[in-house]
Amino acid sequence: MVAALVVMLLLLSSACQAQLSSTFYANTCPNALSTIRTNIRTAIARERRMAASLIRLHFHDCFVQGCDASVLLDNSATVTSEKFVIQNDNSARGFEVIEQAKSAVENICPGVVSCADILAVAARDASEYVGGPNWTVKLGRRDSTNGSPSLADRDLPRFTDSLGSLISLFETKGLNARDMVALSGSHTIGQAQCVTFRDRIYSNGSAIDAGFASTRRRNCPATFPNGNGNLAPLDLVTPNSFDNNYFKNLLQKKGLLESDQVLFSGGSTDSIVSEYSKNPSLFKSDFATAMIKMGDIQPLTGSAGIIRKVCSRVN
């Protein structure tokens, strides 16, 4: 009975994945991808940090009820937004960039391309633009008509999470420990707010390099809430380039967030961090693989969901 159930679930999963295709818009909107790319490149050229924000936005979408663009929805009479849970509030960003890309695509192919697919393509284009890997994005997702703050609060990682919590959280989404470490490597770009790393840099513990902590304290006052929103690069060495310095930093106890450093703290992922620190091409390859797997999390396909005309609201 159990075996039959497993087979049935696998078949259902395969059927769902089979509906995603890299050529999904080849006939219905052949210029969709180039239009999205132009908008994404323009936004990152204007603000380099946006690359990290767009990759993170796709991640924060897929981890909450699947890759369905639920993270983009604003509060309304029928929708409770995910934007205000602690993992997103005042930190998730890039919404306007996705809206601009959506508007441009709507101008050429009204009602065809989903916001969920635009998020997936934007993350790939952002990675490539700052020197990260490129990959073939599977398409055909549709958009949700609701958000779920409760699931967002439960399923999105926190900067204080332990290694065990992170591994477990990713496993529930079909991603293994290697996928988790590779995806965490997106912290080779982007910035974090003082409030997320204050406790770590003032802990005076052995898990952080003393000089690194001292440097970070200069722009992050010890007393809450002073300087809560002050920013620091997640990778102090090459903050605007997608490379493997993030992993080299972890070896030196220079991970900015607790959830970064736990990846190299005497636990089961130490060897993966070491591998990536020595082999940037392996890291980039594994990152691309993990992003494709993440993009496969519970997409709405076929007649499920809708194609939103504006990403922040239901039609």
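The values are calculated or read from the model by the stated rules, or taken from the named source; none is laboratory data. Bear in mind that the values here come from a model prediction, so they are computed numbers and not experimental data. Methodologically, a virtual Cβ is constructed for each residue, glycine included, from the backbone with ideal geometry; neighbour enumeration extends over all protein chains shown. SASA here: full protein model, heavy atoms, side chains in, ligands and nucleic acids out. Shrake-Rupley method; radii C 1.70, N 1.55, O 1.52, S 1.80 Å.
Numerical summary
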{"read-out": "Among the candidates A69, A126, A92, A122, residue that is aliphatic (A, V, I, L, M), touching a strand residue (DSSP E or B) at 6+ places or on another chain (Cβ under 7 Å) and touching a residue at least 12 places away in the same chain (Cβ under 8 Å)", "value": "A69"}
{"read-out": "Failed criterion for R313 (all others in (1) more than 20 Å from the chain's Cα centre (by Cα); (2) buried (at least 17 other Cβ atoms within 10 Å of the Cβ) hold)", "value": "(2)"}
{"read-out": "Residue list for region 20-50, filter: assigned to a helix (DSSP H, G or I) and closer than 23 Å to P299 by Cα", "value": "A32, L33, S34, T35, I36, R37, I40"}
{"read-out": "Matching entry among D161, D199, D153 (being open to solvent by 50 Å² or more (accessible area, probe 1.4 Å) and more than 30 Å from S114 (Cα to Cα))", "value": "D199"}
{"read-out": "Any hit, region 58-76, residues being hydroxyl-bearing (S, T, Y), assigned by the TED database to the domain that holds A152 and either at pLDDT below 95 or closer than 18 Å to L139 by Cα (or both)", "value": "yes"}
{"read-out": "Qualifying positions in region 264-287 - open to solvent by 10 Å² or more (accessible area, probe 1.4 Å), assigned to a helix (DSSP H, G or I) and either farther than 16 Å from L251 by Cβ or of a type outside the set (G, A, S) (or both)", "value": "F264, D270, I272, E275, K278, P280, S281, L282, K284, S285, D286"}
